[in-house]
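No value in this document is a laboratory result; all are computed from the given coordinates. Note that the coordinates shown come from a computational prediction; the quantities given were computed from them, not determined experimentally. FYI the Cβ positions are ideal-geometry reconstructions off the backbone, even for glycines, and counts take in every protein chain you see.
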Amino acid sequence: MVNLNVDFCGVKFENPLVLASGVLGVTAGSLARVVELGAGGVTTKSLWRQPHPGHKNPVMFGTEHYFMNAVGLSDAGLEKGIETLTELKEKTDAPLIANIVAAKIEDFGSIAESIDILQPDIIEINISCPNVESELGKPFACSRTDAAAVTKIVRSRTRLPLAVKLSPNVENIVDIAKSVVDAGANAITAINTVGPGMRWNIDLCSPMLANRVGGISGPAIFPIAVKSVFDIHAALPNTPIIATGGINSGRDVLEIMMAGGTLAGVGTALYYHGDDFWKNAKAEITEWLDENNFKNISEVIGIFHKK
Amino acid sequence: MTCCGKHHGVDTEPRAFAIADFWEEAENIRTFVFHGTLHSKPGQFCMLWIPGCDEKPFSIARDYDGEIWLTICKVGPATEKLFTLKKGDKIGLRGAFGHGFTILEKIPPAPFKKGEEQKQNVVLVGGGYGTAPLHFTGKTHAENGSDVTMIIGARSENLLIWDKKSEKSGFRTLIATNDGSVGVEGFTTHVLEKLISTEKIDLVQTCGPEKMMKAIAEMCLEKNVPCEVSIERFMKCGFGVCGQCVTETGEKMCQIGPCVSAQKAMSFSDFGNYHRGPEGQKVSW
C-alpha cells in the first residue's frame, strides 16, 4: 500500500493535495467539503483585516488551455475570517493554511497577529496577486526588499510556520525566495497566477474582465510553475514548497513534486474536472507510485534534481 | 454571435447578443428578447453581462423557437443600466448554468384503461418577479401531459407578471395579492394550502422570495407533497469555482441548484434566513 502522507513544516498532511487560496473558500462549510472530497488540506481565501470589496463581475472565465481571474481579493474582513477559521477547526482536523493579505507592509503584522490567535497550522502570506495592481501598486513579491520586509514583520508576530506566496512575474523568482527565507519564512508557495493578461470580446468591444486585466492560471502556466519550483528547490533544497500553478492531473502533481514541491496547490483544476478531481488525482498518483515501486510519496520530492 | 470557451459544453466566455425586443411586464419589470438559444432547461440560469457595468445571474423565462427571454426587475445599478439599453444594443450572455426543475415524465396509459390518459398534477408557485422562470417550466410539464396550475403572487395588481400568458397557455391560474386588488387577498401560501387540502398534487415547484419558498417547503414536507425550490445566491463565476454561492453546508448553488428539493433546501441553515454578499458577508433576508 502506497503512503501518501507528507510532512510540511512539521505539519502532517494525509496527502499532498491542498486547495489553493481563492477557490471555494468563502465559508467554512465549503472548505470542509473540499476535505471530505479528498484534499489533504485547505487554504483560505486571502484574509484582510478590513472588508475588501474586490472587483465587479465579470471576474473570471475559462478556456480550453487557460483560465483568467480578477476577483480582486474580495473578503468581508477579520470578523468573518475569525468565524470561518473557528468553524472550520470544529468541522475538520485536516491542516488549515490561513492566507493573509494587506495593502501596506506594516498592516501585514496586525492581520498576522489576529490570525495567529486562531492557531491555523500554517500562515501563507499573499504578496503576489497580479489583479490588484491598479489599487495597490506593484505586488510586494516583485521586490526583494519589500518581500523580505513583509516576511519580517509577520515573523515578528507569529511563531506559526510561514509560507510566502511568490509571483512568477519577476526577473528572478529564486532571488525573491532567498530573501523571504532569510527574513524568516519557513516555506515558499510558488507560483501565483501569471500576468496580468488581457482578453477582449471583439463583438462587444470590451475587456472580458471588469478589471480589464487578470491573472492567468490553468494548464498553460504549468510549465512556468514547474520551472519556478525546480529553480527554487535547486537553490533552497531544505525549504519546503507548496507547488501550485496549472496542476491538472495526478501526473502533474507527481511531476511538480519531483521538481521540488512538497505540497501541491490545486485551484483551476476544479474548473476542468469538478469535485471528482481530488479522488481521481489521488487514484492516479497511487497507481503510478505503486507501478514504479515507491512506498511513500515523499520519496519523489525533488528527485529530478538527482538526475 | 461567437462561441468561445466551453465548460462541459457550456460557454463560460460570454457570447454577444443584440436586444431584439423588450416590453414592460409590470412596474420596473421588463422582458428582454434575444435571438438564439442557450440550450437551457427550465429553472436554469444565465449570466448577463453589461460591458463596462456588471454581470448578474438571471433565471431564463423562455428558451425555445429561437428566442431567449429574460424577465428582469430593476433593483440596482446593473439592472438600471440594462433598462437604458435600446433594441439592437448588445450584451453578453454565458450559460445556461446550474440544475433546473425536475420535469415529470409522461405517464403511460394504464393497460386496462385504453385511451384514458393519466395526468400528473403540477403546481407552480411564483412570488413577484420570481414567477419569471415558471411559465417555461409549466409549458414543458404540459408538453409531457401534466396538468399545470400556476399560483402567482404579488404585492398588488400592478406588480403581477406572466398571469395573462399563463391563462393563455391554458394553465389553471390562481392569483394572490397582498392588498387583494386582484385574486385572493393574502399570500400564495394560502392558495397552495387550500389546493393541497382539496386535491392530490404530484409536484410543487416554487420560485420567489426565500421566506415564501421556505413556508411552501415546510408545508409540502408536512403534507408529504414533493416540492422543489429555486434558491438564489450571489454568483460570480456561475460554474463552481469561486465558491461565492455556497450554502452553509458548502454546496455550490450554481451547480447543485438553483433548483433543489425541499428536503435539501431545509438542510441548509441559511435557507430562508440569510445569504452572503459579494465579500462573503452574511445578509439577512
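Values computed for the structure shown
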read-out	value
Sparse-neighbour loop sites [GluC sites (Glu not before Pro); the range B:197-257; at most 12 other C-beta within 10 Å; DSSP]	B:E199
Within the protein assembly as shown, percent of DSSP bridges classed antiparallel, to nearest 5	55 percent
Rounded to 10°, Cα long-axis angle of helix B:134-143 versus longest principal axis of chain B	50 degrees
Per-residue ³J(HN,Hα) for the range A:50-62, Karplus 6.51 cos²θ - 1.76 cosθ + 1.60, θ = phi - 60°, Hz, x for Gly and Pro	9, x, 10, x, x, 8, 6, 5, x, 10, 6, 7, x
Mean Kyte hydropathy of -0.5 or more with a Cα span along the axis of at least 18 Å, helices from DSSP in chain A	A:222-235
Residues whose placed amide H lies under 5 Å from that of A:T244, excluding near-sequence neighbours	A:A190, A:I191, A:G265
Shielding of B:273-281 by partner chains, average beta-carbon count, 10 Å	6
Directionally averaged shadow of the range A:67-131, computed from the convex hull of its alpha-carbon atoms, nm²	5.2 nm²
For A:G302, distant residues with modelled amide H under 5 Å away	A:M258, A:A259, A:G260, A:G261
Gap separating the Cα centres of the range B:244-285 and the range A:76-117, nearest whole Å	23 Å
Distant-in-sequence amide H partners of B:E25 (H built 1.01 Å from N, under 5 Å)	B:R30, B:T31
Convex hull per residue volume in Å³, alpha carbons only, for the protein assembly as shown	164 Å³
Within-11-Å neighbourhood charge of B:I19 [Cβ basis; K, R +1; D, E -1]	+2
Of the trypsin sites (Lys or Arg not before Pro) in the range A:106-180, those whose Cβ has at most 11 other Cβ within 10 Å and which sit in DSSP loop	A:R159
Total formal charge among the other residues, if their Cβ is under 13 angstrom from that of B:E199, Lys/Arg +1 and Asp/Glu -1	+2
